[in-house]
Structures are given as structure tokens and as C-alpha cells.
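> I have a structure I would like to understand better, so I am pasting it below and will then ask my questions one at a time.
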Amino acid sequence: MTTSDTPDLGVYHAHEKMRDSQIEMIRDGIDSLQSGGALLAAAPTGIGKTAASLASALHVANDRSQEGLKPKIVFMTGRQSQHRIVVDTVKMINSRLPTGVSRVKLVDIIGREGMCDVIDKSTGKCNCEKESTEEGRQRKRNRMKDIILSEPRHVEWGIKYGKQERVCSWAAARAAARDTDVLVCDYNHVFIEEVRESSLPAMGINLNESILIVDEAHNLPDRIRNGLERRITDQVFRRALSDVQEYKGNLEKVALQLDTGEAYGFGDAVKLEKQIKALRDDTVLRKWFDSKTVENEESDWDDLRIETNDFLDAIGNAIVGLDDSTSDQISIIREMIGNLMRVKIDDDDSLEEEEQNDCIRLAEMLDVCIKYRNSDALALVFDNILEEPRISSHLLDPGVVGGPIFEECAGSILMSGTLFPPIMYCEILGINEEGYRGKEYNSGFPPENRHVLIASDVTSKFSERESSFGPISQHITSVLEKTPGNVAIFAPSYSMMERIASETGYVFGRHRLKEERGMSKRSVDGMVNRLHELRSMGKNSVIFGVLSGKLSEGIDYSDNILDAVVCIGLPLPPPSAKQDALFGYYTSRFGRSRAWKYASLQPAVNSVLQALGRPIRKAEDRAIVVLLEKRLLEGRSRDCMPGSMDSLRTSSPSRTGKHVERFFRIPKSMGSS
């Protein structure tokens, strides 16, 4: 269908011809945004959801500009590859705009650490412009700002230009954002309070005058939770004391150099030193940690939920009474937090990330605890996994952060191929159901290009796992034997992946590639590039990875580089105090049935859906997917899957082999017809 056939869709279209599902999504987006509501779109790869969301948002923003107020569009995504897609899409939109319509301005930005070479943590300044005068610095920034606004450019261009011209690309991008139509950024700019309060006002962006687009929105609940996750061990007090003493010593040196009686902040540093020393030496606090260790050892799990106020009382009792203050316990802890946040120490590059500035680490943990001390939306969990007592904070309800943001903004579109079911994400993100519209869109891809097989004879369920290992290996062997190209195999855990990889002895001449814990983005990209290199040499590969891992989510396996994907089991979260707290919280909010679905089953199924979506990126791509988990055939699991997904049942490894052989016997030209 062409644009001329659909006059009600506005003019901001990246493509002359659009799929029916893309047109449907544009209409739904316009309807939702015009009323300031939220569209939650379960939109599979290939329908053009980036172009659809931008078409809707730009159309509504342009309409509102006639009323004297033009909202900014904040497009959030966690991947730089998606940043590039947004930039390229806006370029395509601009190339097709009719005469008389202003071209769309775009600014692409990432975190400061990614745009500036070196940042002095004590001053907050970078060295990008260290050789420039103030006048020269401003002139260069203004020039770069004008270039950024003249044409949509990816952030990598800005970084390269900044280094070449000795100008801070981060500062120039923030200045340009004041005059842009579309800001492309990470979720953190909106959903992490400290980042939002420091970045949006500096860029001239008001949340209530912004349209939010959230890409890969199935990740948003966990990204919000991670933003409030803090960890400390009982050793933090010892290390924090060392940091405070170093900071106090530096203040003394400054006073000596300036020949003043006392440096600013020295009195607070002295008081802070007393408090942290008291925390380190307090026998009651030490007994508190010891008692929790005993309770944890006697519990059924590896961790233990603790009461937030119980922890704060243990901290407060150790520091109350150190001076003549008549303030209450919480006020004293708040004052200590402020002083901890001001502690600056010289960075030691030889230290691991976990060892740097424990004052900030302790302050952030205490701040989260105080903020949510009377809320059941936060759980504190104690464990001894690191062979020393550790406390972690876990936000159970991302809606306490997300809800007010979606309520305040001028409208929103949340989209993902696995934003399923949309109503679940609406509820857990705290989106007002009055303005909510949830929709599952059809990919429009030929269904015969992706066959999904579900095995009825194997499972990763703990009580049956051992007896299933043999048949699982046989299913995998059948897929490897009958697939002519590359195969990806995803297990529910690293330990199971290692066992499957070791027991899959013969891979029919394929090169083995395996995911490692904590792989960097560069390593992941390198592995995918290696697939393409090997195929160009006429060689096939097999990838071993994990569900919800780096290789099964958020990676574009382009050019139909994967011919088959095997997903083993269902990655349900293991029993733990954290998971029990989440289930209990959701039970109180949604009832027991939905609590199990929202806390455990649906996230596990969505991990499988993410993995099975990897091989099909375009309409002409073809691949077979084999799901080795009989629980996916059960009613409650089937209810967690999109209604548009067709599947076949396979009852044995030999049947799997026949299905795979038959699939690849059909020529691609027939499969795509």
C-alpha cells in the first residue's frame, strides 16, 4: 500500500510502500498519542516498527505545534545498532517529505563515559577541550551543534568529529538537543532519577512536553529494577573508612597549601570519619551480620530476605549519640549519606570496579533503603555467596518508577517483538489502563519460512531433567545432521550449556563457538562476525549459548546467517528469597494466578520467544526452530505465546530429524512465495 492510499497517516513516512501491519501500527500510535495515552505494541521484526512509531509521534508532535507547543520525541533504546536504525529511518523520512514541510532534526547521544576520553571524577570535567580557550571552546561547540542539527547523524560521527576538532561531542550534543525534534538516547536518561534530573533539564527537555518511544520495551522492567539495585558487603565499612581518611588528608593538604585554617568540608569529614569508624567497630552491628549469616545457613535457599527498617536500625544505633545532635535516627543517616557522597578520592586503575569508592556505594544503598523503607515494593536480600556477608536491594515493582513517568509525559509508544502480553507490561510498569492500548501485530512474513517444532518427550524440569538429557542430545544431533548451515543452541543456564556442549561430541564438521559469562559487546559482535567470515569460506558453525544471554537476545543475525535454532528447556528463575519476595508482592497486587505468570512463567517464555526470533529478520529469511521443552505444549504456557505463532509437535529425535530434513528439502524460492 502506498502513502497516497492512506491520507490520514500524515507525511512522516520512511517507505513509499508499507505493510498492512505497519499502517495499522501508525494509526494506533496516532490515536493513542493524540489522547496522551500509551500504545504497547507487540510488533515482530520486519513490520517496520521504528518507522511506524516515528511516523505516529512526528505527526502528533507536528499537529500540536499548530497549537503553539511542539513536544520533543525521546526515542530510547539500549543498543547502539538500534541508534543507527533510528538515524537512518529519520534520514529516509526527510528524503520523502513534501516541499514546505520542515526536515526532522535529530540528536543521537549516549552516556558521557562513551563520548569523552577521560573524565576527572573529582571535578566532573573531561579533557576533550583541554587545549582550548573559553572563547574557542564555545565557538567549536556552536559549530558542531549546527552540523549535528543540519542532518541526522549517528553518535559515532559525533565522537569521531569531537576527537578530530578537539571539542566535547557530549556537550555539543546536549546543546543541540534543545533545538532538536528527536532525541535518541538510552533508557537511563528518563528512567533513572539521578540521570533524568541532571540530563533532561540541561537539554531543555520537559517530561510533560515529551513523547516517549521505548524500543525493546520488554527489557524496561528489568532496566528500571537494575537502576535501584545496590550491593554492599560487611567489608564496605572498613574500605569506606580508608576512603574517608584519604579524603580528610587531602583536605588538610589543601588547607596547608592555601594557608587557611581549615579547608571547606573538613569538619564534616571529621564527623564522617567518626561515624564510619563506629560502624566498622560496632559489636552490635557485627552481631547483626553474624546472626543473619546463621539464619541464612539454616534457610532453604542461598539467600535470606531482611527487613529494610531492621537494617537501618542496625546502622542508626551504631552512629546515634556520637555528637550532641538531637536529630532523629533517619535524619542522622541522611546527613551521613550527604557527607559520604562528597567524598572524593584519587582513582586507582589497578582496583576492580567493585573496590572503588565504597563511600558512594554505601551512600547509595542507604539512600535507596531510606526512600523505600516503608514500602513493600523494595526487598533487601542477605547472602553469603561471596564467602562474606552481602546485602542487595531489589525493586519488586518497576511501576513505582515507571507509572509517574508515563503519567506525566505527553504520550508514549512501547514496542518489542516480545512485548507479550501487552497488558502484563501495562500493569507491571504502572501505566494507567484508561489511556492504554495494547496490540499484537502480524509480521506479514510467509509462515512457511519459519517452522517451529515443540518436543513432547523432553524437559528441563528438575525432577525429570536427568532422564531427558539423553533424548535432548539426540534431538540436537538430528538437527545438526539434517541442517545444511549454521545452528544456534541455547540452554537455560551456563551449567546446562556446558554439559550439552560437552555431550554433543560430533557436530558434523562445524566450527564450535561458545558464549562465555560476562562477554563484552565487542566479543559478542566478534563472534557474529566470525559466523559470516566462516560462511564466506564455505564453512558452517554451531553456537552454544544461554537463553536470556548475550547471544539469544538483542543480536541481529543478519543475512539469514542462522539456519536453525534449538532452545532447550524453560529458563524459570530458581527458588530464592528474591523470587519469593517478587511472587509475594505480585500475589498481593494481581492475585496468585497472575503472580505466577508475571513473576516466573511469562518472563521465561519471553526468553524463548526472543531466542526463536533471532534467525528471521527479513521476509525472505528461512529457518527452523526446535523447542526442546514439553511444558510449552501445556495450556498455561501456550497462553503465554502469541496467537499468531504456529507450531508443530515432534515426539522423538527421529521425528525431529524428518521434520528438519523436509524443511530444507523445499527450495527457498518456494518457501518465500
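> Against the conditions (1) farther than 26 Å from LEU582 by Cα; (2) free of Cβ contacts under 8 Å to residues at least 12 places away in the same chain; (3) acidic (Asp, Glu), where does GLU387 fall short? Just the number, please.
With respect to (1) farther than 26 Å from LEU582 by Cα; (2) free of Cβ contacts under 8 Å to residues at least 12 places away in the same chain; (3) acidic (Asp, Glu), GLU387 is out only on (1).
> A further question on this structure: What number goes with the only condition from (1) within 30 Å of SER576 (Cα to Cα); (2) β-branched (Val, Ile, Thr); (3) surrounded by fewer than 19 Cβ atoms within 10 Å (Cβ to Cβ) that VAL270 does not pass?
With respect to (1) within 30 Å of SER576 (Cα to Cα); (2) β-branched (Val, Ile, Thr); (3) surrounded by fewer than 19 Cβ atoms within 10 Å (Cβ to Cβ), VAL270 is out only on (1).
> Checking the condition in the same structural domain as PHE663 (by TED's automatic domain parsing), at pLDDT 95 or above, among the polar types (S, T, N, Q) and in contact with a strand residue (DSSP E or B) (Cβ under 9 Å, 6 or more places away or on another chain), which residue from SER588, SER576 passes? Steps first, answer last, please.
Values: SER588 fails: in contact with a strand residue (DSSP E or B) (Cβ under 9 Å, 6 or more places away or on another chain).
None of the others qualify; the one that does is SER576.
> Do you know which residues across segment 74-109 are under 25 Å from the mean Cα position of the chain (by Cα), β-branched (Val, Ile, Thr), within 19 Å of ARG178 (Cα to Cα) and not in a helix (DSSP H, G or I)?
VAL74, VAL107, ILE109
> Could you identify the single residue in LEU551, LEU513, LEU534 that is among the aliphatic types (A, V, I, L, M), under 26 Å from ALA619 (Cβ atoms) and not in a helix (DSSP H, G or I)?
Details: LEU513 fails: under 26 Å from ALA619 (Cβ atoms); LEU534 fails: not in a helix (DSSP H, G or I).
Exactly one of LEU551, LEU513, LEU534 is among the aliphatic types (A, V, I, L, M), under 26 Å from ALA619 (Cβ atoms) and not in a helix (DSSP H, G or I), namely LEU551.
> Those residues that are β-branched (Val, Ile, Thr) and within 18 Å of GLU156 (Cα to Cα), I need them from segment 112-145; list them, please. Don't jump to the end; show me each part of the working.
To start, the set of residues in segment 112-145 that are β-branched (Val, Ile, Thr) comprises 118-119, 123, 133.
VAL118, the sole residue that qualifies.
> I've got another one for you. Evaluate the following for ARG225: is it in contact with a Leu (Cβ under 6 Å, 6 or more places away or on another chain), outside the structural domain of LEU378 (by TED's automatic domain parsing) and not aliphatic (A, V, I, L, M)?
The answer is yes for ARG225.
> Right, LYS49: touching a residue at least 40 places away in the same chain (Cβ under 8 Å) and charged (D, E, K, R) or not?
Working: touching a residue at least 40 places away in the same chain (Cβ under 8 Å): yes; charged (D, E, K, R): yes.
Spelling it out, LYS49 is indeed touching a residue at least 40 places away in the same chain (Cβ under 8 Å) and charged (D, E, K, R).
> Continuing with the same structure: Would you pick out the residues in segment 18-73 that are surrounded by fewer than 19 Cβ atoms within 10 Å (Cβ to Cβ) and assigned to a helix (DSSP H, G or I)?
ASP20, GLU24, ARG27, ASP31, GLN34, ASN62, ASP63, ARG64, SER65
> One residue is enough: does segment 308-320 have a residue meeting the conditions among the polar types (S, T, N, Q), buried (at least 16 other Cβ atoms within 10 Å of the Cβ) and closer than 16 Å to ILE232 by Cβ?
yes
> List, please: which pairs have Cβ atoms under 7 Å, are six or more places apart or on different chains, and start with a residue in segment 596-608 that is under 19 Å from ALA377 (Cα atoms) and end with one that is of a type in the set (Ser, Thr, Tyr)?
TYR598/TYR586; ALA599/TYR586
> Related question: Could you pull out the residue among ASP580, ASP556 that is surrounded by fewer than 17 Cβ atoms within 10 Å (Cβ to Cβ), touching a residue at least 40 places away in the same chain (Cβ under 8 Å) and among the acidic types (Asp, Glu)?
Values: ASP580 fails: surrounded by fewer than 17 Cβ atoms within 10 Å (Cβ to Cβ).
When all the criteria are applied, what remains is ASP556.
> Please indicate, with yes or no, whether at least one residue in segment 461-473 is buried (at least 21 other Cβ atoms within 10 Å of the Cβ) and either touching a Gly at 6+ places or on another chain (Cβ under 7 Å) or of a type in the set (D, E, K, R) (or both). Outline the logic, then answer.
Restricting attention to segment 461-473, the residues satisfying the condition of being buried (at least 21 other Cβ atoms within 10 Å of the Cβ) are 468, 472.
Those still in the list that are either touching a Gly at 6+ places or on another chain (Cβ under 7 Å) or of a type in the set (D, E, K, R) (or both) too: none.
Checked against the condition, which is being buried (at least 21 other Cβ atoms within 10 Å of the Cβ) and either touching a Gly at 6+ places or on another chain (Cβ under 7 Å) or of a type in the set (D, E, K, R) (or both), segment 461-473 yields no hits at all.
> Looking at segment 509-532, which of the residues that are surrounded by fewer than 13 Cβ atoms within 10 Å (Cβ to Cβ) and over 28 Å from the mean Cα position of the chain (by Cα) is farthest from ALA604 (Cα to Cα)?
Out of the qualifying residues, it is GLY509.
> Go through (1) out of contact with any helix residue (DSSP H, G or I) (no Cβ under 8 Å at 6 or more places or on another chain); (2) surrounded by 15 or more Cβ atoms within 10 Å (Cβ to Cβ) for ILE333 and report which single condition fails.
(1)
> A further question follows. Take the residues in segment 345-372 that are surrounded by fewer than 19 Cβ atoms within 10 Å (Cβ to Cβ) and in a loop (DSSP other than H, G, I, E, B), then tell me which one is modelled with the highest pLDDT.
The residue in question is ASP346.
> Taking LEU562 as the residue in question, decide whether it is under 30 Å from ASP376 (Cα atoms), hydrophobic (A, V, I, L, M, F, W, C) and surrounded by 19 or more Cβ atoms within 10 Å (Cβ to Cβ). Let's see the steps before the verdict.
Values: under 30 Å from ASP376 (Cα atoms): no; hydrophobic (A, V, I, L, M, F, W, C): yes; surrounded by 19 or more Cβ atoms within 10 Å (Cβ to Cβ): yes.
When the stated conditions are applied, LEU562 does not pass them.
> SER392: part of a strand (DSSP E or B), of a type in the set (Ser, Thr, Tyr) and surrounded by fewer than 22 Cβ atoms within 10 Å (Cβ to Cβ), yes or no?
Values: part of a strand (DSSP E or B): yes; of a type in the set (Ser, Thr, Tyr): yes; surrounded by fewer than 22 Cβ atoms within 10 Å (Cβ to Cβ): yes.
Yes; evaluated as a whole, the condition is true for this residue.
> When you scan segment 27-38, do you find a residue that is in contact with a strand residue (DSSP E or B) (Cβ under 7 Å, 6 or more places away or on another chain), in contact (Cβ under 8 Å) with a residue 12 or more places away in the chain and among the aliphatic types (A, V, I, L, M), even just one?
Yes: one or more hits.
> Test each condition in (1) free of Cβ contacts under 8 Å to residues at least 12 places away in the same chain; (2) among the β-branched types (Val, Ile, Thr); (3) surrounded by 18 or more Cβ atoms within 10 Å (Cβ to Cβ) for VAL254 and report the one that comes out false.
(3)
The values are calculated or read from the model by the stated rules, or taken from the named source; none is laboratory data. Because the structure is a prediction, the values reported are computed rather than measured. Note that we place each Cβ from the backbone using ideal geometry, even for glycine, and neighbour counts take in every protein chain shown.
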